[in-house]
1. Just need a number here: residues in region 93-106 that are surrounded by 15 or more Cβ atoms within 10 Å (Cβ to Cβ) and either of a type in the set (Gly, Ala, Ser) or more than 21 Å from HIS53 (Cβ to Cβ) (or both).
2. If I filter region 29-46 down to residues being touching a strand residue (DSSP E or B) at 6+ places or on another chain (Cβ under 7 Å) and not polar (S, T, N, Q), which single residue comes out as surrounded by the fewest Cβ atoms within 10 Å (Cβ to Cβ)?
3. Does ILE57 satisfy the criteria of being touching a His at 6+ places or on another chain (Cβ under 6 Å) and among the hydrophobic types (A, V, I, L, M, F, W, C)?
4. Filter region 85-105 for residues that are of a type outside the set (D, E, K, R), in a helix (DSSP H, G or I) and in contact (Cβ under 8 Å) with a residue 24 or more places away in the chain and give the result.
5. Return the residues of region 72-83 that are under 14 Å from the mean Cα position of the chain (by Cα) and either part of a helix (DSSP H, G or I) or hydrophobic (A, V, I, L, M, F, W, C) (or both); say none if nothing qualifies.
6. Looking at region 47-54, can you tell me whether even one residue there is modelled with pLDDT of 90 or more and either aliphatic (A, V, I, L, M) or surrounded by fewer than 14 Cβ atoms within 10 Å (Cβ to Cβ) (or both)?
Amino acid sequence: MLRLLIVAALASAAPVALAQQGDADSAHRNKIAMCIGCHGIPGYKTAFPVVYHVPMIAGQQPAYIVSALKAYKAGERSHPSMRGIAASLTDQDMADLAAYYGVPAK
């Protein structure tokens, strides 16, 4: 029984251990331009496809950012602009953006 619990604990920790390391400097130099136009404006609302409040992402949990971007890329989230942007991102791009935006908002 103890062996089963240890195996289960190690298996559940494996995705965390395998998560890609992000590079916030790389994101700042090369990747944030596609984000900042919407997510960097306090109170911004987009009008496509409907009027929608755009959330601020600075200070968000890095794992959540990666999860959300992967869901957009897979078509599991439906906002067309975000799906298009996420489709162009590699796993490393997502990790870099999460490292950049996953720090406390300034």
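1. Quick first cut of region 93-106, residues surrounded by 15 or more Cβ atoms within 10 Å (Cβ to Cβ) only: 93-102.
In the following step, the residues that additionally are either of a type in the set (Gly, Ala, Ser) or more than 21 Å from HIS53 (Cβ to Cβ) (or both) were identified as 93-96, 98-100, 102.
The total comes to 8.
2. Result: LYS45.
3. Here the answer is yes, as ILE57 does meet what is asked.
4. ILE85, GLN92, MET94, ALA95, LEU97, ALA98, ALA99, TYR100, TYR101 - these are the residues of region 85-105 that are of a type outside the set (D, E, K, R), in a helix (DSSP H, G or I) and in contact (Cβ under 8 Å) with a residue 24 or more places away in the chain.
5. TYR72, LYS73, ALA74, MET82, ARG83
6. Checking region 47-54: at least one residue is modelled with pLDDT of 90 or more and either aliphatic (A, V, I, L, M) or surrounded by fewer than 14 Cβ atoms within 10 Å (Cβ to Cβ) (or both).
Residue by residue, here is whether (1) assigned to a helix (DSSP H, G or I); (2) at pLDDT 95 or above holds:
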position: HIS28; (1), (2): yes, no
position: CYS38; (1), (2): yes, no
position: PRO42; (1), (2): no, no
position: MET56; (1), (2): no, no
position: ILE65; (1), (2): yes, yes
position: LYS70; (1), (2): yes, yes
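The values are calculated or read from the model by the stated rules, or taken from the named source; none is laboratory data. No experiment lies behind these values; they were computed from the predicted model shown. All Cβ positions, glycine included, derive from the backbone under ideal geometry; neighbour counts span all protein chains shown.
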